[in-house]
1. Can you list residues whose amide H is under 5 Å from residue 238's amide H, if they're 5+ apart or on another chain and H is modeled 1.01 Å from N?
2. Membrane-span-like helices in the chain: DSSP H runs reaching 15 Å or more (Cα, own axis), mean Kyte hydropathy at least 0.0?
3. Calculate the dipole size of the chain relative to its Cα centre from +1 charges on Lys and Arg beta carbons and -1 charges on Asp and Glu beta carbons; express the result in debye to the nearest 20.
4. From Cα pairs below 8 angstrom and at least 6 apart in sequence, can you work out the relative contact order of region 1-112, rounded to a whole percent?
5. What list of ³J(HN,Hα) couplings, whole Hz, do you get for region 168-173 from phi and the Karplus terms 6.51, -1.76, 1.60, once you set θ to phi - 60° and write x for glycine and proline?
6. In sequence order, what are the phi-derived ³J(HN,Hα) couplings for region 190-203 according to the Karplus relation 6.51 cos²θ - 1.76 cosθ + 1.60 with θ = phi - 60°, rounded to whole Hz, with x for glycine and proline?
7. For a distance above 34 Å, tell me the whole-number percent of Cα pairs in the chain that qualify.
8. Quick one: which residues, 5 or more positions from residue 94 or on another chain, have an amide H under 5 Å from its amide H? H modelled 1.01 Å from N in the peptide plane, none for Pro or chain starts.
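Quick note: the coordinates plus some simple rules give every number you see, no bench work behind them. Predicted model, so just to flag it, every value in this text is computed and none were measured. All Cβ positions, glycine included, derive from the backbone under ideal geometry; neighbour counts span all protein chains shown.
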Amino acid sequence: MADKRKVLLQFDTDPQASSFDSLVAIDAGAEVVLPYANVGEDQIVGLIHGAMFTRGLDDLCRTAAFFGGADYERAERLFQASRAAFFGPVQISLMLDPSGANTTAAAAIRAVETVVPLRDRRVAVFGGTGPVGTRLASLASMLGATVALFSRDKAKAQRAVSQLPEFADSSRVIAAEFKADASVPSQLSGIDVLLSAGGAGVRFLDSGWLEQAYGLSAALDLNAVPPSGLAGIEPHDFATQRGDGVACFGPIGVGGLKMKIHKACLRALFEANHRQLSTREIYEIAKHYG
C-alpha cells in the first residue's frame with residue numbers, strides 16, 4: 001500500500017488563513033494543506049484529536065499542524081493546548097510561527113552570528129516589545145549576550161522583559177526607553193550589535209547615524225516597508241560593510257535565510273510524529289544554515 005500523503009493542518013488566528021503559509025508549506029513538501037481560519041481555543045482539541053485518531057502510529061509522522069496568524073499569544077495558547085491533548089505516543093508534530101515571528105527571529109540571530117558571535121556581546125533591540133523583538137532578545141540572551149530591550153514606552157519594555165519565554169536568560173535582559181531626540185552615540189553607547197524590529201514604516205535612526213555608531217560591529221533592520229527602521233541599511237544587505245566597518249543586514253537579505261529555515265522546519269515536521277517547534281527549536285534548525 002502506498003504511503004499516506006503528508007497532510008499539514010494550518011491553524012490560523014486571523015479571519016482568513018494565510019496564503020503565504022499555505023504556499024510555503026506546499027513548497028516545503030506538504031502534499032495536502034488544510035487551512036482553518038479564526039481558530040478558537042474551544043475548537044483546537046477536537047481538531048487535534050481528529051488528526052491524531054484517523055491514522056495509525058506508523059502514519060502519524062505524515063500528519064502535522066502549523067500555528068500562525070497575527071495574534072501570537074492566541075496562537076501560542078492553541079499550540080500549548082494541542083500539546084496537552086496528546087496521549088503518550090499518539091501525537092503529531094507541531095510548529096508555532098505566527099506571522100513568521102519565530103523563523104524571522106531565528107534567521108536574524110543566525111545571520112548576525114555568522115559574523116559576530118553574540119556571547120559576551122552587548123545587544124540593543126529597537127522595537128523590542130513585539131513578537132519578533134522579544135524573540136530576538138530571548139535568543140540573544142540564550143546565546144550569552146547582554147540585551148537592552150528598547151521601547152518608546154519604558155513600562156511596556158519592562159512588561160515585555162517580565163514575560164520573556166522560559167528559555168531566555170532574563171537576568172541578561174534589561175528594559176530601556178528609546179528617545180527619538182537623543183544623540184546616536186548616547187543611544188548606542190557600549191552597544192556591539194543593533195537589531196531593529198519595529199513596526200512597518202517606523203524609523204528609529206535617520207541618515208548619518210552609521211557614521212556616528214562608534215564601536216558598533218553589526219546592525220540589522222527587519223522593516224521592509226519604507227521608510228526603513230535604520231536609514232542607510234539597504235533591503236538586500238547581508239553582512240554588507242557600511243559606515244565605520246559595520247556589518248549590515250536588511251530585511252530581504254535576512255528574508256532569504258528565513259525562507260530556508262521555514263521550509264527546513266516544515267520538512268522536519270514530517271520526519272517524526274513528536275516534533276514541537278517553537279522559538280528555541282526553530283533556532284536549533286537555523287544553526288545549520290547561514
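1. The list, which skips near neighbours in sequence, is 250.
2. 41-52, 101-113, 131-142, 251-269
3. Roughly 340 debye, rounded to the nearest 20.
4. In percent, rounded to a whole number, it is 29.
5. Result, ordered by residue: 5, 8, 5, 5, 9, 10 Hz.
6. After applying 6.51 cos²θ - 1.76 cosθ + 1.60, I find x, 8, 8, 9, 10, 10, 10, 10, x, x, 4, x, 8, 9 Hz.
7. On the way: 9496 of 41905 pairs.
Summing the P(r) tail past 34 Å for the chain gives 23 percent.
8. 65, 275, 276, 277
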